[in-house]
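Structure, as structure tokens:
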Amino acid sequence: MMRVSRKLRKWTATILDLPQDVALDLPRITMIGGLQLTVENHRGVLHFSPQSLRLAMDRGEMEVTGENLIIRTIGTEEVFVEGTILGVQLHPTNKPGV
């Protein structure tokens, strides 16, 4: 059932020319150089330290690594991080039907 719903949302986004991150509830990641990072559509902070940030996503986790990381702003669906960003990795969950 989830697969049909996802296909329907993707088809709707294509037909209506909507951004797929909005229609499919995907994360939107904006990085300026290696100094600032904004992540939209996260589901909460799992871990934070000056060297790493782990965020829950709808379909997995996202890990940001770096040095002197600081969360400047955090909201229910958006987080803004500054520091020296060295890496961004997505770790998808392997749920059947997703």
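What to note about this one:
- Relative contact order for the range 26-91, counting Cα pairs under 8 Å that sit 6 or more residues apart, in percent: 32
- Across every direction, the projection of the convex hull enclosing the Cα atoms of the range 26-91 has a mean area of 3.6 nm².
- Probe 1.4 Å - accessible area at ARG28, Å² to nearest ten: 100
- Counting Lys and Arg as +1 and Asp and Glu as -1 over every other residue whose Cβ lies under 13 Å from the Cβ of LEU69, the net charge comes to -1.
The values are calculated or read from the model by the stated rules, or taken from the named source; none is laboratory data. Since the structure is predicted, the reported quantities are computational estimates derived from the model, not experimental observations. Neighbour counts run over all protein chains shown; Cβ positions are idealised from the backbone, glycine included. Keep in mind that these areas ignore ligands, DNA and RNA; they rest on the heavy atoms of the full protein, side chains included. Shrake-Rupley method; radii C 1.70, N 1.55, O 1.52, S 1.80 Å.
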